[in-house]
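Asker: Take a look at the following structure, please.
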Amino acid sequence: MMEKMVELYKRVMRRVTLVEITQEELRMAQLEKLKAESAADYAKSVVAYNEARIARLNKRISEYKAEEA
């Protein structure tokens with residue numbers, strides 16, 4: 001039990017290498033890229049939804065105007 005605690009202490013207290021720091025930064029950049037891609041996908045779907053909505057509403061307006069004439 002004591003050996004495991006000593007090993008844990010050594011792992012926690014050791015110096016982090018530049019490679020490890022850079023790898024962590026790369027991992028964070030990849031995660032942020034995935035989040036941005038998800039946001040872009042969502043935004044594209046909102047744009048498509050509103051384009052279809054606009055087309056539908058314009059069609060209805062044309063139909064209503066034709067009925068009034």
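Asker: Tell me, in nm to one decimal, what length is gained between Tyr64 and Tyr42 on full extension, where the rule is 0.36 nm per residue of separation less the Cα-Cα distance?
Answerer: Taking 0.36 nm per residue and subtracting the Cα distance, the gain is 4.6 nm.
Asker: Once you have the Cα-Cα distance between Ala29 and Tyr49, take 0.36 nm times their residue separation minus that, and quote the gain in nm to one decimal.
Answerer: Extra length from Ala29 to Tyr49 when fully extended: 4.2 nm.
Asker: Can I ask one more? Quote to one decimal, in nm, the extra length available between Met1 and Met13 on full extension: 0.36 nm per residue of separation minus the C-alpha distance between them.
Answerer: 2.5 nm
Asker: About the Cα centre, and with charges only on the beta carbon of Lys, Arg (+1) and Asp, Glu (-1), how big is the dipole of the chain? Nearest 20 debye, please.
Answerer: With only Lys, Arg, Asp and Glu charged at Cβ, the dipole is about 180 debye.
Asker: Counting each DSSP H run of 4 or more residues in the chain as -39500 (n - 2.57), what helix-only mean residue ellipticity at 222 nm follows after dividing by all residues, to the nearest 500 deg cm²/dmol?
Answerer: Taken over the chain, the calculation gives -33000 deg cm²/dmol.
Asker: Write out the trypsin sites (Lys or Arg not before Pro) in the chain meeting two conditions: DSSP loop, and at most 16 other Cβ atoms within 10 Å of their Cβ.
Answerer: Taking the chain and a limit of 16 other Cβ atoms within 10 Å, the loop trypsin sites (Lys or Arg not before Pro) found are Arg14, Arg15.
Coordinate-derived values only; no laboratory data. Worth saying up front: this structure is predicted, and the values here are computed from it rather than measured. Please note: Cβ atoms are built from the backbone with ideal geometry, for glycine as well, and neighbour counts cover all protein chains shown.
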